[in-house]
Amino acid sequence: MSATDPYEPTHGCRTIHVEHYDLDLSYRVSTNRLTGTAVLRVQAREDLKELALDLEGLTVKKVAVSGAALAKYAHRQSRLRLKLADKVAAGTTFEVTVGYEGYPAPVPSAWGEVGWEELTDGVIVASQPIGASSWFPCNDLPADKATYRTSVTTESAYRVLAHGTLAGRHVRAGTTRWVYEERHPTSAYLATVQIGRYEEVVLAEGPVPQRALVPAHLRGLAREKLAYHGQLMGELTAMFGPYPFSAYTLVFTDDELEIPVEAQGVSIFGTNHLAAQDGEERLIPHELAHQWFGNSVSVDRWQHIWLNEGFACYAEWLWSPLAGGAGTDALARTWHKHLAADEQDLVLADPGPTNIFDDRIYKRGAMTLHALRLTVGDGVFFPLLRDWAARYRYRGVTTDDFRALALEHAEAAGGDTLTRSVRSLLANWLDDARLPALPKA
Ligand SMILES: [Zn+2]
């Protein structure tokens, strides 16, 4: 019925595009009970009579369609399948309403449990790559981007953050309804809800507002540890171009988290990452860089994830010397030694579904960018990064899109000779499992 992502064959539906999600959720932190109504504005990408949405671990109470006639639906495991009475033509827009409820829990996956997760006293949503279906019916493909309105009603003791801009806050009988509007195209896995006893710390105002949400006892630490955040934002903006969204919020949960994770305009860290000793500060620029590489420019399929993680890792190396740490070239050469001693059986452009979070995706991805930079020079490399972020803003991309843009910049700057060098450099780094040597600095 639909060609899906070979890296996650049971997810997503490529015959539809969801333009907008309107999510109306009621949630009790004390019982982890979620009741939701989701209204999806769906566009048929081709003539179709059937479609499927992703929804896992929750019970569907009602499905209705307007703008087309629903014949029947069935919800089994993680797939909500809808059959229409008549074929709708490509380009037709219709609305699907799903009423659902249950006790949301993370979705098990080859990469660990992801999605809606209860904390000691609150909720975190960290969905990469396939956890979005743990809390709303969605077309869970990274390149199927939509706008959102997310309304969450919960106990008033908690603060709710969703992606987008706060559009309303209504207190009533011990509960508060928080409404967020997201006007930027957003992948389902980057849609987020964070619930906790958070207080807001203002980090910087420009070029966009930067805030931290922290438990009260971490306010002082957040001010002290993140005093540089305005400078970090300024440096990344200078290197990558304008920040793609209207604000940035760092959430620090009151629990420890193994790894931080990115969402749209938001990054989520554990208490441990705020108190981090030397070394883990690198995760702050890493997560911020994902706003450009991952969240604005998104992978068309998970196969291309080095375009997220290699770029975010390279941002760590670019920021390091500016923060008084090791130089970018020194970091690249240190990691090259590590990877040279490791098995050389991973192809960056097609690593295989189980390897998408392999550390070599990050480090070799960053090294690929460094090798490219050493070959073309800063005067070509940084404009290329900015062009990549600008040309594919809010869109899905593949490794070949990056290759083509790099060749375009090489051709413009150095004609056939430089184009040939870049073509063979990218082939060696992206398509061959053997680790190439780094060019001389
Ligand atoms: Zn990352």
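Taken together, the values in this text are just the output of simple stated rules run on the coordinates, not laboratory data. Please read all numbers here as calculations on a predicted model, not as lab measurements. Backbone-built Cβ (ideal geometry, glycine too); neighbour counts: all protein chains shown.
Translational D (Stokes-Einstein, µm²/s) of the range 1-193 at 25 °C and 0.890 mPa s when Rh comes from the Kirkwood sum over C-alpha pairs?
Estimated via Stokes-Einstein, D reaches 146 µm²/s.
In debye to the nearest 20, how big a dipole does the chain give about its Cα centre with +1 on each Lys and Arg Cβ and -1 on each Asp and Glu Cβ?
Dipole of the chain, to the nearest 20 debye: 980 debye.
With respect to the cross-link table entries Lys145/Lys225; Lys145/Lys440; Lys62/Lys145; Lys145/Lys363, which display a Cα-Cα separation exceeding 31 Å?
In this structure, Lys145/Lys225; Lys145/Lys440 exceed 31 Å between Cα atoms.
Restricting to Cα pairs below 8 Å that are 6+ residues apart, what does the relative contact order work out to for the range 272-330? Please round to a whole percent.
31 percent
Quickly work out the Thr92-to-Ala64 label distance, labels modelled 7 Å from Cα along the C-beta direction, and quote it in nm with one decimal.
1.9 nm
For helix 229-240, what angle does its Cα long axis make with the longest principal axis of the chain, in degrees from 0 to 90 and rounded to 10?
It is inclined by approximately 70 degrees.
Using alpha carbons only, how many angstrom separate the centre of the range 304-337 from the centre of the range 210-268?
Their Cα centres are 19 Å away from one another.
Quick check on the chain: take the gyration tensor over C-alpha atoms, sort the square-rooted eigenvalues as a ≥ b ≥ c, and tell me if it's rounded (a/c under 1.5), prolate or oblate.
Verdict is oblate for the chain.
For every helix of n ≥ 4 consecutive DSSP H residues, a contribution of -39,500 (n - 2.57) applies; sum these over the chain, divide by its total residues, and give [θ] at 222 nm rounded to the nearest 500 deg cm²/dmol.
Helix contribution divided over all residues of the chain: -9000 deg cm²/dmol.
Starting from the Cα gyration tensor of the range 302-441, take the square roots of the eigenvalues, sort them a ≥ b ≥ c, and report rounded, prolate or oblate (rounded when a/c is under 1.5, otherwise prolate if a/b is larger than b/c, else oblate).
Here the range 302-441 falls in the rounded category.
Based on the Cβ-Cβ distance of Leu119 and Val202, what FRET efficiency does E = 1/(1 + (r/R0)^6) give at R0 = 25 Å, to the nearest 0.05?
The calculated FRET efficiency here is 0.55.
Which residues does a label at Glu256 reach in the range 111-127, if reach means a backbone N under 16 Å from a point 7 Å past the Cα toward the Cβ?
Under cut-off, by backbone N: 120.
Taking +1 at the Cβ of each Lys and Arg and -1 at the Cβ of each Asp and Glu, which of Gly67, Trp111, Val98 sits farthest along the dipole of the range 1-193 towards its positive end, judged by Cα position relative to the Cα centre?
The one lying farthest along the dipole's positive direction is Gly67.
Label His20 and Asp416 with points 7 Å out from Cα along Cα→Cβ: what is the distance between them in nm?
That separation, rounded to one decimal, is 5.4 nm.
Defining a contact as two alpha carbons under 8 Å apart and six or more residues distant in sequence, what relative contact order in percent does the chain show?
12 percent
Pick from Asn428, Asn295, Asn308: which is most flexible by mean-square fluctuation in a GNM of the chain where alpha carbon atoms under 10 Å apart are linked?
Its mean-square fluctuation being the largest, the pick is Asn428.
In nm, give the distance between the simple-model label positions of Tyr394 and Arg79, each being 7 Å from the Cα along the Cα-to-Cβ direction.
Here the answer is 3.2 nm between the modelled labels.
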